[in-house]
Amino acid sequence: MPNKEMLKKEAEGKEMPMDGKMPGGKPKMKKGMLKRLIVMLFHFYPVLLPVIVFCIIFSAIVSSVPSLFMQNVIAIIEEHVNTGDWSTAKGEILTWVLRLGFFYLLSLISIFASSQLGAILTQGFLKKIRGKMFDGMQNLPIKYFDSHGHGDIMSYYTNDVDTLRQLVSQSLPNLITAAVTVTTVFSIMLYFSVWMALIVVAGVILMSFVTKTIGGRSARFFVRQQMAVGRTEGFIEELMNGQKVVKVFCHEKQSGLDFDAINDALYEDAKKANQYANMLMPILNNIGNVLYVIVALAGGLFLLSDVPNVSLSGKVFSISIIVPFLNMTKQFTGNISQVSQQINSIIMGLAGAERIFDLIDEAPEVDDGYVTLVNAVVAPDGTITESEKRTGTWAWKHPHQADGSVTYTLLRGDVRLNEVDFGYEEDKMVLHNVSVFAEPGQKVAFVGATGAGKTTITNLINRFYDIADGKIRYDGININKIKKADLRRSLGIVLQETNLFTGTVMENIRYGKLDATDEECIAAAKLAGADDFITRLPKGYETELSGNGANLSQGQRQLLAIARAAVADPPVMILDEATSSIDTRTEAIVQKGMDSLMEGRTVFVIAHRLSTVKNSDVIMVLDHGHIIERGNHEKLIAEKGTYYRLYTGAFELE
Amino acid sequence: MFGMLKKLMGCVREYKKVSKLTPILMIGEVVMECLIPFVIAKLVGQIEAGCEFTVIVKYGLILFAMACVSMFFGGLAGMTGSKASCGFARNLRHDLYYRIQEYSFENIDKFSASSLVTRLTTDVANVQMSFMMLIRIAIRSPLMFIFAIVMAFIMGGKMALMFVVVVPILGFGLFTVAKKAMPLFRSVFRKYDNLNASIQENVKGMRVVKSFVREEYEKEKFNRAAEDVCMDFTKAERIVAINGPLMQFCLYANMMLVLSFGSYLVISSKGSAMGVGQLSAMITYGFMVLSSLMMLSMIFVMLTISAESAERIVEVLEEQPSLTNPANPVYEVKDGSVVFKNVNFKYSKTADRYALADINLTIKSGETVGILGGTGSSKTTLIQLISRLYDVTDGVVAVGGVDVRDYDLETLRNQVAVVLQKNVLFSGTIKENLRWGNAEATDEELMEACRLAQASEFIESFPEKYDTYIEQGGANVSGGQKQRLCIARALLKKPKILILDDSTSAVDTRTDALIRKAFREFIPETTKIIIAQRVSSVQDADKIVILDGGRIVAVGTHEELLASNEIYQEVYTSQNKGGDDDAE
């Protein structure tokens, strides 16, 4: 059964996302992820993106050139310092300072623009990508949700979008800035002195080596830390949910000791991971400092020993070169350590992007049905015509490709399964040769152990899954020809696990029919026997539900789900353990409502409690995907077969 | 606020030393970092003056040593800092977890499991992060700020006055931005959480969405919410994005001031008041001052964001367990009799409706009692008072003739075993799960309990029998099997009173009957209280209690009730409609 598998996956899922996304865990990155991301950004923002990139590059260049100005100013100072004559130097210096000021102004404008536009782009991009993910997700087949843990799917929206935000808003701009700055600064260095530039290069090589060693070690422990976090969170979740059992068994001490063990392990891994990460910065900074010293030393040495300078500018060594060079060294190493800090988030961001693209690329549910459901008017002579307005009568519109003609079939709710085979996996069939005939207005019940294939049959009728062999006809039409949306609209379904949505009680009922009036909703609630408890809620129908109706009991949620299906007023209803959590007495009370709800409809009922299915027109007993008995209650009891034994309690229905 | 900090700081404990050491080591690093430009300025001055080569080497060695010292302090501070913050988080989790172990049902209800999980995970992580920032950077930045200014004054003299201009501009700007952005972020984070909650709703309820063909409707709803979040986020982010240019502006202003004013000083004093080397150092100091200011504002933002997490953690730590052991507890439960005398109960003092009212009930030791009633008739509430999972509002519940509030809690709960309705198995082997009932139970005792609970048959059918691994939440056993394991677990306590809260609902009627038969034969002295939906589960009890709307409406045997009680008749007929074919 998909449900159980789902649960299992969900439990395991907690540790799954880590494989793909941790740095240093050697994530197998598909090539071109960055390219695809950039293409997508460009596609969303064809004007904004280039403008921002231009601004970033421009400001990076501008902020790297002051050394040139500084060199000039210092040269002037050198010239005049011995005379102490400020008035002659003043003009020249101020000119340079003003030129610098002009550059700075441009830089400020571009920084301001890029940061403001960047905020707009990042958030807009995230919104668009969330929208794309959500749209894509809505179009995925149920199979996807049955085979992927809910926790995993959620982590696309939370963790992965977060890493993407980090990547787009910080890492990428930083990377561009650093790359441009390093290039510009290095060019200026070469312009001043090739010898000294080479010294800086040597230092940078050392820094990348350190980054690789320490960074790699830190990444390794981060992976371990993530795993420990997963374990701890799993433990916490399990025990917090079972806390009442802990109390009842006075198991507090033992549970505390168990937690300590797991908590201590997390501490050890977290400590090591953070230690390496914390050490990287001071070490890189001080390598920067040492490099600074070496540059100063070398500068002094060159100056004293009259080594001929090799430079693009042809300038000779002077203090006016050494001083700006020192600043450039600082700038250079600063940028290198910046990049080293970004590496983790870039790797994580790209891994996140990959997972997000996987979700977006997932193949959507295919719907090639062409028979649609339309409002219809039946003339006295029996001919059916289509109507624009809601008539309360529905018909299947069946266009024939061969001659272009259109035929109409009245929607009656006649569902027939003919020798259907099906398996969730191709080589593992769960239904074998199943035939079920449900005439309009009939109540058909499925009985059998978990895994016998009851829910599977309903999954096939509304085409959550497609059959492997056989035929399913709805009012005589092969359901493969019916447009899925229209097919599902004609089927009402109430599931054992009720899912309500955040909003008022009224809104939740209206979910069944979006244009239903309040009166219609209340009538449906009355029909389902839900009106009684709803009116006793603090705000009646306007009571806000949240967290899947956490403030309601399971039974009340089921009643709401029935009301929701009732307001949709479909000709066929599927009740899959719809009243399992309603106690028998309440069920007896709502039975009248349920009976009137089922009246005139074709109903498929799956119930654990045999009292719920007893009055069905036909009961199918399923065993391992085979229908082993069929007939009404009296007939099956008389046969003294499986149903009889189930009914008398000789079998356990699980 | 202060009380909250005090409470949190109480969790530092054995990491107090490293927590204090970290900022001290940081001082070492900061001092070195501030001195290095100073010495370099001197060196440049020397070179400028055309000094001997040996002087340069001397300076070089000093500087190298300083960098090493700085690296040593910095690296060490990194190590102690992570030890302190990880240790702090470990203690926080420990304290939270242990505090929760002391919680009563009422406390647990108040917080809900999922919110406790968040507090133990996300919130602790946030506070840990802030703590690390606090001990590493919150000390480092102001120190850096002060040292750099002091050094600038020592070196640049009057020129350091430029900070008087630049620092207030940046400080005021950063403060304004933080103040404006903070409330926006707080509200947008909440909206963002709601957005994610609604995605989760969709993922879980996809079958509903698809069967009602509401895909387009959901997309529209989502896009509206996402648009809303996007707008608010953009607004907040744009305000924060002012920080970057603001910082740059101040750096630029600093640079220009140094270059113009500095050159004036150098030239006009013929290099005596200031040299070219100092000029460059002034720029470095300027950078240090401004970036430490920036760091401070970041910490400020970070701290306010995690303040909410801290509040949530302290809330759990400060919650007083609503049930405590009495001063002189009774350590022995005499027998399995239960008496309810004039009991009223409501879940909270402010609730206007009593969940239980006027309950008077006497159960003799060794009796079997069935409890029947519709949803919301407070059956579960009634039995939870017996093992003092909640305290009565009025009246007395006595077990073995003694008020339950006079017992030692552990004694009482070991003698009154409850199989809860929402029962839970934990990940671990069957044996490990069963031993929750009695840690010292021998294998024979385990098997005996399983036989009574009719669980041994299916356990033996598993390839690994009693060592079968139960997955989280018992996902790999069926509902009926899970219930029987839970009963066996409770039986292992050898309690004087055994309470089953709808614990055989998924068990077939035949096995159900076998369990009851085993109870009768093997644990006759134990008082058995059984809540059930099925009449067949209780009809052979010594007495059956009918609850309706929190009141006892009838007590009697199956025959008596069938003759006199309307509710009982209703339930009976609904379950046996047309049913003389019932095997029982």
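The values are calculated or read from the model by the stated rules, or taken from the named source; none is laboratory data. Worth saying up front: this structure is predicted, and the values here are computed from it rather than measured. Using ideal geometry, Cβ is built from the backbone for each residue, glycine included, and neighbour counts are taken over all protein chains shown.
Tabulated values for the structure
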read-out: Count of residues meeting criterion [loosely packed, with under 14 Cβ neighbours inside 10 Å and not in a loop (DSSP other than H, G, I, E, B)] in region A:350-376; value: 2
read-out: Check on A:A296, crowded, with 21+ Cβ neighbours inside 10 Å, facing chain B (nearest Cβ under 7 Å) and among the small types (G, A, S); value: yes
read-out: Residues of region A:136-175 satisfying the condition of being touching a Leu at 6+ places or on another chain (Cβ under 8 Å) and either among the aromatic types (F, W, Y) or under 20 Å from A:I120 (Cβ atoms) (or both); value: A:Y156, A:V161, A:L164, A:R165, A:L167, A:V168
read-out: Residue check, B:G156 in the same structural domain as B:F73 (by TED's automatic domain parsing), more than 36 Å from the chain's Cα centre (by Cα), buried (at least 21 other Cβ atoms within 10 Å of the Cβ) and assigned to a helix (DSSP H, G or I); value: yes
read-out: Test: residue in region B:383-406 that is touching a residue at least 60 places away in the same chain (Cβ under 8 Å), buried (at least 21 other Cβ atoms within 10 Å of the Cβ), closer than 17 Å to B:D358 by Cα and away from chain A (no Cβ under 14 Å); value: no
read-out: Matching residues, region B:461-518, being among the polar types (S, T, N, Q), within 29 Å of B:T381 (Cβ to Cβ) and not assigned by TED's automatic domain parsing to the domain that holds B:R534; value: B:Q472, B:S478, B:Q481, B:Q483
read-out: Answer residue from region A:138-153, given it is closer than 16 Å to A:D361 by Cβ and among the aliphatic types (A, V, I, L, M) and is surrounded by the most Cβ atoms within 10 Å (Cβ to Cβ) among those; value: A:I153
read-out: Residue satisfying condition, being touching a residue at least 40 places away in the same chain (Cβ under 8 Å) and among the hydrophobic types (A, V, I, L, M, F, W, C), within set A:I384, A:I360; value: A:I360
read-out: Hits in region B:465-476 - residues which are in a loop (DSSP other than H, G, I, E, B) and modelled with pLDDT of 85 or more; value: B:T468
read-out: Residue check for B:M66: within 7 Å of chain A (Cβ to nearest Cβ) and without any contact (Cβ under 8 Å) to a residue 40 or more places away in the chain; value: no
read-out: Filter result for B:M144 (farther than 30 Å from A:L500 by Cα, crowded, with 20+ Cβ neighbours inside 10 Å, at pLDDT 80 or above and at the interface with another protein chain (Cβ under 9 Å from one of its Cβ atoms)); value: no
read-out: Pairs where the first residue, in region A:298-312, is without any contact (Cβ under 8 Å) to a residue 60 or more places away in the chain and the second is small (G, A, S), C-beta under 8 Å, 6+ apart; value: A:L303/A:S318; A:L304/B:G50
read-out: Any hit, region A:512-522, residues being over 22 Å from A:M594 (Cβ atoms) and within 34 Å of the chain's Cα centre (by Cα); value: yes
read-out: Selection status of B:T442, within 21 Å of A:E238 (Cβ to Cβ), over 27 Å from the mean Cα position of the chain (by Cα) and free of Cβ contacts under 8 Å to residues at least 40 places away in the same chain; value: no
read-out: Helices (runs of 4 or more DSSP H) enclosed by region B:335-436 - at least 3 residues per element that are polar (S, T, N, Q); value: B:379-384, B:409-415
read-out: Subset of region B:508-545 [farther than 24 Å from A:L610 by Cα and within 13 Å of chain A (Cβ to nearest Cβ)]; value: none
read-out: Matching entry among B:S297, B:S268, B:S309, B:S337 (being more than 34 Å from the chain's Cα centre (by Cα) and either touching a residue at least 60 places away in the same chain (Cβ under 8 Å) or not assigned by TED's automatic domain parsing to the domain that holds B:G10 (or both)); value: B:S337
read-out: Hey, A:V168 out of contact with any Cys (no Cβ under 6 Å at 6 or more places or on another chain), farther than 13 Å from A:L359 by Cα, assigned to a helix (DSSP H, G or I) and not assigned by TED's automatic domain parsing to the domain that holds A:G423 or not; value: yes
read-out: Verdict on B:A181 being in the same structural domain as B:E311 (by TED's automatic domain parsing), buried (at least 20 other Cβ atoms within 10 Å of the Cβ) and of a type in the set (G, A, S); value: yes
read-out: Condition check for B:T22: of a type in the set (S, T, Y), over 35 Å from the mean Cα position of the chain (by Cα), more than 9 Å from chain A (Cβ to nearest Cβ) and assigned to a helix (DSSP H, G or I); value: no
read-out: Test: residue in region A:509-522 that is more than 24 Å from A:L373 (Cα to Cα) and either in contact with a Leu (Cβ under 6 Å, 6 or more places away or on another chain) or crowded, with 17+ Cβ neighbours inside 10 Å (or both); value: yes
read-out: Wholly enclosed helices (runs of 4 or more DSSP H) of region A:22-109 bearing at least 2 residues surrounded by fewer than 21 Cβ atoms within 10 Å (Cβ to Cβ), modelled with pLDDT under 80 and facing chain B (nearest Cβ under 10 Å); value: A:66-80
read-out: Filter result (out of contact with any Asp or Glu (no Cβ under 8 Å at 6 or more places or on another chain) and polar (S, T, N, Q)) within region B:376-430; value: B:S378, B:T381, B:Q384, B:S387, B:T393, B:N414, B:Q415, B:N423
read-out: Selected residue (criterion: modelled with the lowest pLDDT) from residues of region B:408-427 that are more than 8 Å from chain A (Cβ to nearest Cβ) and in contact with a strand residue (DSSP E or B) (Cβ under 6 Å, 6 or more places away or on another chain); value: B:Q421
read-out: Among residues of region B:477-507, those that are in contact with a Gly (Cβ under 7 Å, 6 or more places away or on another chain), within 11 Å of chain A (Cβ to nearest Cβ) and in a loop (DSSP other than H, G, I, E, B), counted; value: 4
read-out: Matching entry among A:T456, A:T409 (being assigned to a helix (DSSP H, G or I) and over 30 Å from B:K221 (Cβ atoms)); value: A:T456
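Yes or no, residue by residue, for (1) in contact with a Ser or Thr (Cβ under 7 Å, 6 or more places away or on another chain); (2) assigned to a helix (DSSP H, G or I); (3) modelled with pLDDT of 80 or more:
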{"residue": "A:N289", "(1), (2), (3)": "yes, yes, yes"}
{"residue": "A:A296", "(1), (2), (3)": "no, yes, no"}
{"residue": "A:S313", "(1), (2), (3)": "no, no, no"}
{"residue": "A:V323", "(1), (2), (3)": "yes, yes, no"}
{"residue": "A:M328", "(1), (2), (3)": "yes, yes, yes"}
{"residue": "A:T333", "(1), (2), (3)": "no, yes, yes"}
{"residue": "A:V339", "(1), (2), (3)": "no, yes, yes"}
{"residue": "A:N344", "(1), (2), (3)": "no, yes, no"}
